[in-house]
Amino acid sequence: MRNVYLITAFAVVLLVSLFGFRGSLFTSSPIDVFPEWAFPGMKRQPKPKPQGESKFFADGRADRPLPAGVVSSDPLRNDDALYAGKHADGSWVRGFPVAVNHQLMARGQDRFTIYCAPCHGAVGDGNGITKQYGMGATPTYHDDRLRQMAEGELFNTITHGSPNKNMLPYADKLLPEDRWAVILYVRALQRAQLGTAADVTDANARETLGLK
């Protein structure tokens, strides 16, 4: 008999919890676990809010002006070519606003392998591993449209994502310099697809490749 009472009580509690107060609006305050009289300042401590009013300062504002001579901790990004891929007139940058060298190429290959190859493929043909899981519509870098696209426009796409939203922004993952490094490596992949034996001019490289 005792079990019947327990089961009945449990069923009532369950039904009330599921249906009894759905949509009800309570106007009374919840139980105050930390009452102000016992724990002063624990929950309702005075604090300034952004753009709020303050009785502490003479001008009545909670926000305070910056001290004289303060310097931003972020670098001053006043180079449109480097940070936006555009010239002052709004046209896309062609070429690279950073020094092009082997270190930049190696960095680009490293970042490309981590962030780009899963979708675009190791050689930039759009056949990355994500395609095996049903993700399509990844363009190849080796069509004329992307070969002829200005480097600044490629930079903008990496920064803000593609216009059709198939590619998300990577500005939070790649520093501006790393974005240029990735573009340099993409240009190398594009060049490699169109390369011929005549492009290999180094004698040791030709011997390694078995070229005469």
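Please treat every number below as a calculation from the coordinates, not as lab data. Fair warning: this is a prediction, and the values are worked out from it, not measured in the lab. Here Cβ is always computed from backbone atoms with ideal geometry, including for glycine, and neighbour counts include all displayed protein chains.
Backbone N atoms of the stretch 105-124 closer than 18 Å to the 7 Å Cα→Cβ label point of residue 146 belong to residues 108-124.
Classify the stretch 105-154 as rounded, prolate or oblate, taking a ≥ b ≥ c as the square roots of the eigenvalues of its Cα gyration tensor: rounded when a/c is under 1.5, otherwise prolate if a/b is larger than b/c and oblate if not. Before the final figure, lay out the partial values.
Numbers: a/c = 2.39, a/b = 1.20, b/c = 1.99.
Note, shape of the stretch 105-154 comes out oblate.
Each label was represented as a point 7 Å from its Cα along the Cα-to-Cβ direction; for residue 103 and residue 54 these points are 4.4 nm apart. Given R0 = 35 Å, the distance between the Cβ atoms of residue 80 and residue 113 translates into a calculated FRET efficiency of 0.75.
With a Förster radius of 45 Å applied to the C-beta separation of residue 131 and residue 64, the computed FRET efficiency comes to 0.25. A Förster distance of 45 Å, applied to the separation of the beta-carbon atoms of residue 196 and residue 165, puts the FRET efficiency at 0.75.
Residues 155, 10 in ascending order of nearby Cβ atoms (within 10 Å, fewest first): 10, 155. Given axes a ≥ b ≥ c from the Cα gyration tensor, I'd like to know whether the stretch 99-208 is rounded (a/c under 1.5), prolate (a/b larger than b/c) or oblate. It is prolate, given that a/c is not under 1.5 and a/b is the larger ratio.
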